[in-house]
Structure formats: C-alpha cells, structure tokens
Ligand SMILES: NC(=O)C1=CN([C@@H]2O[C@H](COP(=O)(O)OP(=O)(O)OC[C@H]3O[C@@H](n4cnc5c(N)ncnc54)[C@H](O)[C@@H]3O)[C@@H](O)[C@H]2O)[C@@H](O)CC1
Ligand SMILES: [K+]
C-alpha cells in the first residue's frame, strides 16, 4: 500500500490536481463515484435494495453521484440527504441538480435502516473537523445498530481522517473506498475497527511528487 496521508495533505493534493493540473472538481467527483460503484458491484454486496446517505459537503456529492449512477444501471436506490441544502458545497448542489434533472427523488428520513441490503455512507469525508451533532450521531448509531453491510466513501463518517479518533459518533463500515491515498486515520486507533476492508482507488489525484515521477517515466518512454 502506498504511504498514508493526513487529511491536510490530501486537501493539498486535491487542490493541486484541480488548480495546477486542471482537472475540474466535478470530474474528480464522477470518478470517485465510479470507483465506489466498482467495489459495490464486484460481487461481495447485495444490491437488491441500496440506501445512499449523503451529507452536503463534497463527500455527500460523491454519494449523490453514486446514487444517480446506480439508479441509471437499474438498481433500486433510496437517497437520503441529511442537513440544510442551502449549505451544500457548489459541487454537491450541482450533483443534486443533476440527480433531480434525471428525475431522481431524495428523502430526508428513513424509518428502518434494516430494510436495506447495503448502505453507502457519504455523510462526511476528510472535511470533518468537529464532533458530529447529536442528531446526526443518532442516525449513525441507528445505521450501526441495523447491522447491514456499509460501504463508506473515503472515510467512515465521524472518524477523523488523520487521527482515527471518533468525533462524537462514527460509522462502522464493512468496506471503505478511499481515494488516491489511504488516509492515516483508517490505519490507526478506531480506524482499525471502523474502516473494514480498505480499497484505495486512483481517481486522477496526484501529489506534486507523484506527478514529477509520472512525467519522468513518460519522458523516458
Ligand atoms: N474536489 C475535491 O476536493 C474532492 C473531494 N472529494 C470528496 O469530498 C470529501 C471532502 O469534502 P469536503 O471537504 O467538502 O468535506 P466533507 O464532505 O468531508 O464533510 C465535511 C463538510 O461538513 C462541514 N463539517 C465539518 N465538520 C462538521 C460537523 N461536525 N457537522 C456538520 N458539518 C461539518 C465542513 O465544513 C464540510 O463542508 C472527500 O472525503 C471526498 O469524499 C471527492 O469528490 C474527490 C474530489
Ligand atoms: K463517508
């Protein structure tokens, strides 16, 4: 496995990829969604009845894109949006607009999480910086208590991506699909118990060092 990074390092590499290399954020989001779907559709998970839980940061945007792509493949998906949509990041607002443009409905509550065969957790990723509210903490606890397989997007929500500490409450994932580099928090403290099987997926995000190596190899070919 390549070297694990902190949330701050990852944010720097995200910015570098968008601002210096020039990959638009929405392109990265689409690739993050496709990478997660690869894991979901690989055969381990039962996709009969999927719930995607999306927050309103960019992790939630990944979730909205995952829901849209699964629905377009004919999978039965409920999309739960948690939080005030007026506070969505620009990319997540765009993902919501696209999903609704395709006629996809969203919901803001779930009666029983045990009704699903798999839950996709896209509530918080590397941007989580303070303890989750008690309201969201209750939902996280209900998801964990349902004992349904959970695939977390980038980081189990509620886990600090750098330290692996729980910020209030955290999802217990069966698998975590993390982008570009493993996050240090997945490999220590509670991360060891909460991340499940870790899949590291390339979505085109490079660190400046990795890009320099890549360019060197390309020039030698
Ligand atoms: N453009 C990018 O930077 C990309 C980001 N990606 C995804 O986006 C994630 C990072 O997104 P963000 O930085 O928007 O943040 P997150 O979506 O991880 O979640 C945190 C969001 O909620 C706020 N927040 C922090 N702590 C909170 C709390 N306790 N309660 C309520 N709100 C809280 C933050 O201000 C932030 O907007 C990654 O983990 C990854 O899944 C991917 O789409 C790839 C590209
Ligand atoms: K997550």
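Laid out as a table, the results:
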item: Model label zone, residue 163; criterion: amide N under 17 Å from point 7 Å along Cα-to-beta-carbon; scope segment 97-134; result: 125-133
item: Tilt relative to the chain, helix 134-146 - C-alpha long axis, 0 to 90 degrees, to 10; result: 80
item: In degrees, nearest ten, helix 90-101 long axis to first principal axis of the chain (Cα); result: 50
item: Least to most buried among 114, 172, 68 (fewest other Cβ within 10 Å first); result: 114, 172, 68
item: For segment 1-118: relative contact order, % (alpha-carbon pairs under 8 angstrom, 6 or more apart); result: 26
item: Relative contact order (%) - criterion: Cα under 8 Å, at least six apart; region: segment 23-204; result: 20
item: Cα-based shape type of segment 152-221, given that a ≥ b ≥ c are square roots of the gyration tensor eigenvalues and the cut on a/c is 1.5; result: prolate
item: Segment 16-34 and segment 144-195: distance between their alpha carbon centers, rounded to Å; result: 23
item: Helix 208-220 axis, angle to the chain major axis (alpha carbon atoms, nearest 10°); result: 50
item: Sorted peptide list for 34-42, 49-57, 15-23, 181-189, criterion being average Cβ within 10 angstrom, highest first; result: 49-57, 181-189, 34-42, 15-23
item: MRE, 222 nm, helices only [DSSP H, n ≥ 4, -39500 (n - 2.57), over the chain, to nearest 500]; result: -11500 deg cm²/dmol
item: Which of 105, 160 has the fewest Cβ neighbours within 10 Å, and the rest in rising order; result: 105, 160
item: Prolate/oblate/rounded call for segment 23-204, Cα gyration tensor, a/c under 1.5 rounded; result: rounded
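Readers should treat all values here as calculations from the given coordinates under stated rules, not as data from a laboratory. This structure is a prediction, so every number in the text was calculated from the model and none was measured. Virtual Cβ from ideal backbone geometry, glycine too; neighbours counted across all protein chains shown.
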